[in-house]
């Protein structure tokens, strides 16, 4: 008996992360996050199931009452027969109207942007993407964040040894 998860059993509320944008938490101060579905083609979801996706350089944009994921790289599925495939095409994100209005209002503020934080499969097996509302950090803010993370790591080591 085969399963979609590759034989690995999952707990009830666990989800499997496909792509994680760790640089986003360093370069941006994430204020709020939303979960969104993605409109994909059949060959794209097969490529995502092989963990061949890159969201590091991507961002989201609010246009005409809809949210779009821009510059997300999903390479062509190896066994696909499509010839005119664009790996960085603009993909529509599926959100509630209330969430779209919140995101649109957030992008109207100065310096706020929509950043994809991670892509994952939820417990139903659907591909979802986490969208964060963030404000870009300055260089001195990045240095401060790095100092505090290093201090927390060092403090944890000292407490573990004692």
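The values are calculated or read from the model by the stated rules, or taken from the named source; none is laboratory data. These figures come from a predicted structure and were not determined experimentally. A quick note on method: Cβ atoms are made from the backbone with ideal geometry, for glycine too, and the neighbour counts reach across all protein chains shown.
The rows are residues; the columns are (1) at pLDDT 90 or above; (2) surrounded by 12 or more Cβ atoms within 10 Å (Cβ to Cβ); (3) touching a strand residue (DSSP E or B) at 6+ places or on another chain (Cβ under 7 Å).
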site: 96; (1), (2), (3): yes, no, no
site: 110; (1), (2), (3): no, no, no
site: 114; (1), (2), (3): yes, yes, yes
site: 137; (1), (2), (3): no, yes, yes
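Does the stretch 53-60 include one or more residues that are within 14 Å of residue 35 (Cα to Cα) and not in a loop (DSSP other than H, G, I, E, B)? Yes, that holds for at least one residue. Within the stretch 5-39, the set of residues being under 17 Å from the mean Cα position of the chain (by Cα), at pLDDT below 90 and part of a loop (DSSP other than H, G, I, E, B) comprises 14, 15, 21.
Being modelled with pLDDT under 85 and either under 20 Å from residue 121 (Cβ atoms) or surrounded by 11 or more Cβ atoms within 10 Å (Cβ to Cβ) (or both) is a property that residue 61 lacks. Being closer than 19 Å to residue 21 by Cα and in contact with a helix residue (DSSP H, G or I) (Cβ under 7 Å, 6 or more places away or on another chain) is not true of residue 55. Scanning the stretch 72-93 for residues that are crowded, with 16+ Cβ neighbours inside 10 Å and within 14 Å of the chain's Cα centre (by Cα) yields a total of 4.
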